[in-house]
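Here's the structure we're looking at; comments come further down.
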Amino acid sequence: MPRMNIAATPRSLQDRLASNVRRLMSENELSRDEVADSLGVTGPRVSQLLSGSRRLQLYWVERFAEALGVDDPLDLLQESI
């Protein structure tokens, strides 16, 4: 699998993460609240993290990967997985 472009802006990484998380949630028929429960947060917090209204720390990438069954958290930052 090709690695992400290191010249990507932080916002584009946020967008990639959000897009991949939403797609995986849809594919696995997981609601926002189900993912939130796996993360130990509320549904609105998940929405805030994915929309960019809350600052996304690197550990969130790992937590989303674990909640969604993604082996390599960096895959969530790829243009497509």
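The values are calculated or read from the model by the stated rules, or taken from the named source; none is laboratory data. Here the structure is a predicted model, which is why all the values come from computation and not from measurement. No Cβ is skipped: glycine too gets one built from the backbone with ideal geometry, and neighbour counts run over all protein chains shown. Ligands, DNA and RNA are stripped out before the accessible areas are found, and what is left, the full protein with its side chains, is counted by its heavy atoms. Shrake-Rupley method; radii C 1.70, N 1.55, O 1.52, S 1.80 Å.
Looking at segment 17-81, the GluC sites (Glu not before Pro) that sit in a DSSP loop and have at most 16 other Cβ atoms within 10 Å of their own Cβ are Glu29, Glu79. If R0 equals 22 Å, the separation of the Cβ atoms of Gln57 and Arg22 corresponds to a calculated FRET efficiency of about 0.70. Calculate what fraction, in whole %, of the accessible area of segment 27-70 sits on carbon and sulfur atoms when a 1.4 Å probe is rolled over the protein chains. Exposed carbon and sulfur together represent 41 percent of the surface.
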